[in-house]
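The values are calculated or read from the model by the stated rules, or taken from the named source; none is laboratory data. Everything numeric here is computed off the predicted structure, so don't read it as measured data. Virtual Cβ from ideal backbone geometry, glycine too; neighbours counted across all protein chains shown.
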Amino acid sequence: MISMRLFTSLLITVATLAAAPCDLVISAKYVVTMSVQNRRVVENGAVAITGERIVAVGTRAEIDRAWQPKRRIDRPNAILTPGLVNTHTHAAMSLFRGIADDLKLQDWLNNFIFPAEAKNVSADFVRWGTRLAALEMLLSGTTTFTDMYYFEDVVAETAKEAGIRGVLGETVIGFPVADAKTPADALKFCERYLERFRNDPLVVAAVAPHALYTNSLETLKASRALANKYNAPILIHLSETKKENDDNQAQRHQSPTQTLESIGFFNGRTVAAHGVWLDAKDMDTLKLRNCGVAHCPSSNMKLASGAAPVVELLRRGIAVGLGPDGPAGSNNDFDLLEEADLAAKLQKLVRNDPQALPAKQALEMATLGGAKALGLDKEIGSLETGKRADLITIDLDVPNAVPMYDVYSQLVYALKGGNVQDVVVNGREVVRDRRCLTLDRQAVMAKAREYGIQVAKSVQQKH
């Protein structure tokens, strides 16, 4: 007669032989899938990963029966969610953090930021500024960021070094800047950049004409043509301020959106940042053209630009994501959970309706909604079999996490970027137990302090 110990051992052996191999299994108290079909939340759940892809999502018991991982991460007191998707920022501007605050956008840009950039921005500046931003983003749970800046090839190199996914747009603007003396030079630079990063597993190279008010219509048309040639997205600031809209009405007797529509600018993948002053006709145009919108609540509030019509955009079926914008006066940090919190609260305030933009919808904007805005929802934004393995764990063993009655409410209104514990991007662990594995934290911060001294001197010289 077979002993019970031997019988148990045989059962374990058979189960192990039946289990398929995988690279990593991550388990947590709650798995918030944000799945396209049902937004399923799995209690005592787990995700299995092989290579760059998710191969299974289910209860921990189901995953343990079916998969034999090379490595496990068990977080019994954590929430496991898709990685956060930042749809608009200027990463290297982390090195300008706080040089000019409490100003209107045009004053901030023309009298502080543009002059500071002219004196300080170089390829090395962009590399270290992006490292600083990537460190902050990864540690607070962002796994994809959408960038618009100069030397975007350096931004792409740095993103790959850090292991963070990026939709990265080379800026095209109508005056001399650090990497291009003319818009034509910027477009040539951009084409070389698009060719270099074609089909990259982490980087989606993009064309980023700064705005309608900083470019000629000819440059905007050329930007669209270049983007379409490479099947690349376009990133642009759109109707961020009332002044932008009023100036265009005075000049062309139409909104910025309608001017861009008249030149065929939206005939291709487009992500429009801000959209604060869109009217009904503008929103209908963006819906018709399948344009994504990046909502930046912190920036819009801090610069007193206004409140974007997010509820109306979502009602029309327009994909809306979240962005912290630049950290140099229009926000000052990259915490996307904070953006989700503020997005929900801002809509409630301006609509005088506590049910406007509930927590679940705000979290969707930070995950699947952001992925849709970028045209990447088939690849990222939710935890589903076959998608890229971009995910994070968020610690629940902290004072601001207890008690918990609703997982979405806790994520949006209580938990913070600092509660993020682990981060996986494209199947690779990049943060483990709050420590970044890809960037030298001390070296990055030391270099940022060096650049801070340089920037401060340049600002003092101006005044």
Heads up, the helices (runs of 4 or more DSSP H) in the stretch 279-347 (entirely inside) with at least 1 residues that are more than 13 Å from the chain's Cα centre (by Cα) and in contact (Cβ under 8 Å) with a residue 60 or more places away in the chain are 297-302
Within the stretch 396-411, the residues that are part of a helix (DSSP H, G or I) and either assigned by TED's automatic domain parsing to the domain that holds Ala366 or over 16 Å from Thr367 (Cα atoms) (or both) are Pro399, Asn400, Ala401
Of (1) touching a helix residue (DSSP H, G or I) at 6+ places or on another chain (Cβ under 7 Å); (2) of a type outside the set (Ser, Thr, Tyr); (3) over 16 Å from Pro82 (Cβ atoms); (4) surrounded by 16 or more Cβ atoms within 10 Å (Cβ to Cβ), Asp377 fails just (3)
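Any residue in the stretch 225-235 that is outside any helix (DSSP H, G or I), in contact (Cβ under 8 Å) with a residue 40 or more places away in the chain and either surrounded by fewer than 19 Cβ atoms within 10 Å (Cβ to Cβ) or touching a helix residue (DSSP H, G or I) at 6+ places or on another chain (Cβ under 6 Å) (or both)?
yes
Output the residues belonging to the stretch 38-70 that are outside any strand (DSSP E or B) and not β-branched (Val, Ile, Thr).
Asn38, Arg39, Arg40, Gly51, Glu52, Arg60, Ala61, Glu62, Asp64, Arg65, Ala66
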Flagged in the stretch 117-149 as touching a strand residue (DSSP E or B) at 6+ places or on another chain (Cβ under 9 Å) and aromatic (Phe, Trp, Tyr), in numbering order, are Phe145, Tyr149
Query raised in the report: Can you find even one residue in the stretch 189-202 that is part of a loop (DSSP other than H, G, I, E, B), at positive phi and either at pLDDT below 95 or within 21 Å of the chain's Cα centre (by Cα) (or both)?
Result: yes
Residue in the stretch 88-105 that is part of a strand (DSSP E or B), buried (at least 24 other Cβ atoms within 10 Å of the Cβ) and either in the same structural domain as Gly323 (by TED's automatic domain parsing) or in contact with a strand residue (DSSP E or B) (Cβ under 7 Å, 6 or more places away or on another chain) (or both) present: yes
Scanning the stretch 93-118 residue by residue, those within 23 Å of the chain's Cα centre (by Cα) and of a type in the set (A, V, I, L, M, F, W, C) turn out to be Met93, Leu95, Phe96, Leu105, Leu109, Ile113
Exactly one of Glu157, Glu170, Glu117 is part of a helix (DSSP H, G or I) and either among the aromatic types (Phe, Trp, Tyr) or closer than 30 Å to Glu379 by Cα (or both), and that one is Glu157
